Amino acid sequence: MSSQLEKIKTPEDLRFLSPQELEELCSELRQKIITTVAANGGHLSPNLGTVELGVALNRVFCKEDDSILWDVGHQAYVHKLLNARNKDFSTLRRFDGVSGFLAPNESSRDKFYTGHAGVAISEAIGLAKANALTGKKDAAVVAVIGDGSLGCGIALEALNYIREVNENFILVINDNKMSISRSVGAISKYLTRVITGRRYNKLKTLLKVSLRGVPFGRRLIQMIRKLERVTKSFFVSGAVFEELGMKYVGPINGHDLPQLLDKFEKIRDIKGRTIVVHVVTEKGHGCKFAKERAEAFHGCGPFNPETGEFTSKSAEKTFSDSFAESLVSLGEKHREVVAITAAMSSGTKLCEFEKRFPERFFDVGIAEEHALVFASGLAAGGLRPVIAIYATFLHRAMDCLFHDICLQKLPVIIGIDRSGVVEDGPTHHGIYDLSFLLSIPDLQIYLPADEGELQDMLFYAHYIKSPVVIRYPKGYSTNLTEKRTPFIPGKSVELRSGKDVAIWCAGRECETGLKVAQLLESYGIASSVVNVRSLKPFDSGKLKLDASEKVIVTLEDSQKEGGLASLVDSLLINEPHKEILHFGWSCQDFVPHGKPDALRKAYYLTPQDITEKIIACLKK
């Protein structure tokens, strides 16, 4: 049997496939996604749930000026495969390969770089307005957003604004939480047609006029309105969208390709109003293990494509594991400790805390700003909130950290997970937060090098009753040394001594620093390795002493500008010092996607690269 996918060079080619061939294409796409994610890791269950939706949208909205926006973009593998990435899809998430998210540098059909939730509606409103102002009246704009992202503040702001701009676009809600009920669905379809139909609205107007002329008429009108609202709310899940000025269609079975094609073909040319299409999908559809363990395969590492068994099962703890275990231990001893996550309980490993202390656990959904301000309220009320959040998503709530936590001097602890570079590229790297964090007064910043330090820092943060952030990477948290030095903010720890070079390391970069020191030793260069431990407060006394005697080297898995490098430069600018070398990520360009080891190699940040640059400096 010939490959249907190989026939697709552009989305317009989809229009030449028969219904049977389109079904074959969907099966092909599913298999390709499974085998590729099995080899490289990625988002499996969300993409298996949007196969038919992706095919339908790209078939109907295939013109050059049409725009299909996928909120977050993690569920857009089908879109990528149908838009010029099929040939290179085996390189998914690899350095110099296909991005795991949408990327305009790969295809003009990817309108925006994606990775963060809730933005597609605002983007769609903007594109629709731009099309109207530039005369592109036939260009369609489609925004696909998940039911989880729909609760984002920015998504709700955009929904509230739609009536003001009155631009027509199609909003597809990818609802993968509810099951499809045939009876309720039939009633819902019927009432959607009736309640939004012309005949119904004419009859309603006539009835209002007639009732106003009879005794108790106004009271009857109020009763009818109330009955209508209750009926719509109960049977028609789209009532809220109708109230916001949009036309609601659905729910539609997101795996019924003929129905999807029929609906989108009819909707495409409706003008003058935003159309909301409620599509119900199933995560992991078509793959037994991905369907049964949808959360495990939401974002996953490599696995056996036949059994679903993950191929990498290290017994080593990650920093996320260590943070979560320490938080449970803290929660056992202190009833005022509560935990908060923004729809990331699995990724941040807070599931055990939720299981042990359900009344003290809060998942606020994809709402980072709310998470921080909610925490400020809890803290003001006498509780000790601990937030676990990815570094890249903390960006969205920086003002709340400044205004609602630090300015108020409230004792909120934030565990900043996934600090440093990760596989998914610029929208997910946790390397940009320090430049803002270091500028906020009354905020302490801790950088654990291993599991033991992470626990000590969390316990200390609870003790001092001040705003604290604890930054830690995605990787393993194995203790670097057997010796445990008590944690004191503002006091660094020397992991090894040496007279020629002082390598100041932020967090887990101590591991890199120790490797560099060993390499330097083979060249007869004696170097000390200093574990910074905390950036605020900072051990400036130790730094100035080292700088007067040795070459200073800084290592950090963050952006140098605004990070440890900038802090060291600012402290030594008026002090006597020898040469200073900084190693970290630069703000000159966005770091792409790829495995961290591949990125370090590409940017000359391996232990060998660093060693060679230090030696070159010493030879000057």
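Taking the conditions (1) in contact with a strand residue (DSSP E or B) (Cβ under 6 Å, 6 or more places away or on another chain); (2) more than 19 Å from G507 (Cβ to Cβ) in turn, G415 satisfies each one other than (2). Per the listing A375, A391, A342, the residue uniquely surrounded by 19 or more Cβ atoms within 10 Å (Cβ to Cβ), over 26 Å from Y476 (Cβ atoms), assigned by TED's automatic domain parsing to the domain that holds V422 and not acidic (D, E) is A375. Of all residues in segment 269-292, exactly one satisfies the criterion of being surrounded by fewer than 18 Cβ atoms within 10 Å (Cβ to Cβ), under 24 Å from the mean Cα position of the chain (by Cα) and at pLDDT 90 or above, namely K291. When each of E556, E549 is tested for being more than 33 Å from the chain's Cα centre (by Cα), acidic (D, E) and not assigned by TED's automatic domain parsing to the domain that holds L437, the lone residue that passes is E549. Give me the pairs: first residue in segment 378-401 and free of Cβ contacts under 8 Å to residues at least 60 places away in the same chain, second residue among the hydroxyl-bearing types (S, T, Y), beta-carbon distance under 7 Å, and six or more apart or on different chains, which are they? Sorted first by the residue in segment 378-401, then by its partner, the pairs are H395/Y432.
Identify, please: which residue in segment 568-620 is among the basic types (K, R) and within 32 Å of the chain's Cα centre (by Cα) and is, among those, nearest to D557 (Cα to Cα)?
The first filter runs over segment 568-620 and keeps only residues among the basic types (K, R), leaving 578, 595, 600-601, 613, 619-620.
This time we only want the ones that are within 32 Å of the chain's Cα centre (by Cα), so: 595, 600-601.
Working: K595: 14, R600: 10, K601: 14 Å.
Residue satisfying both the conditions and the ranking: R600.
Residue-by-condition table, conditions (1) under 27 Å from H298 (Cβ atoms); (2) in a loop (DSSP other than H, G, I, E, B); (3) touching a residue at least 12 places away in the same chain (Cβ under 8 Å):
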site	(1), (2), (3)
E21	no, no, yes
C26	yes, no, yes
Q31	yes, no, no
I34	yes, no, yes
A39	yes, no, yes
G54	yes, no, yes
L82	yes, no, yes
D96	yes, yes, yes
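For the criterion of being at pLDDT 95 or above and within 18 Å of I610 (Cα to Cα), S534 fails. Among the residues of segment 296-353, the ones that are among the small types (G, A, S), within 25 Å of the chain's Cα centre (by Cα) and in a loop (DSSP other than H, G, I, E, B) come to 11 in all. For segment 507-548, name all the residues that are part of a loop (DSSP other than H, G, I, E, B), of a type in the set (A, V, I, L, M) and over 17 Å from T481 (Cβ atoms). Answer for segment 507-548, where residues must be part of a loop (DSSP other than H, G, I, E, B), of a type in the set (A, V, I, L, M) and over 17 Å from T481 (Cβ atoms): I525, A526. Residues that are more than 27 Å from the chain's Cα centre (by Cα) and without any contact (Cβ under 8 Å) to a residue 40 or more places away in the chain were ranked within segment 433-463; the one that is nearest to S320 (Cα to Cα) is G452.
Scanning segment 423-456 for residues that are under 14 Å from R508 (Cα atoms) and outside any strand (DSSP E or B) returns I431, L447, P448, A449, D450, E451, G452, E453, L454. Are any residues in segment 511-539 under 30 Å from the mean Cα position of the chain (by Cα) and among the acidic types (D, E), and if so, which ones? The answer is E511, and nothing else.
Looking at segment 314-321, is at least one residue over 21 Å from Y390 (Cβ atoms), at pLDDT below 90 and buried (at least 21 other Cβ atoms within 10 Å of the Cβ)? Checked against the condition, which is being over 21 Å from Y390 (Cβ atoms), at pLDDT below 90 and buried (at least 21 other Cβ atoms within 10 Å of the Cβ), segment 314-321 yields no hits at all. Of the candidates N58, N47, the single residue that is touching a helix residue (DSSP H, G or I) at 6+ places or on another chain (Cβ under 9 Å) and either outside the structural domain of I267 (by TED's automatic domain parsing) or free of Cβ contacts under 8 Å to residues at least 40 places away in the same chain (or both) is N47.
The values are calculated or read from the model by the stated rules, or taken from the named source; none is laboratory data. Nothing here was measured: the structure is a model prediction, and the numbers come from that model. Glycine also receives a Cβ, built like all others from the backbone with ideal geometry; neighbour counts cover every protein chain displayed.
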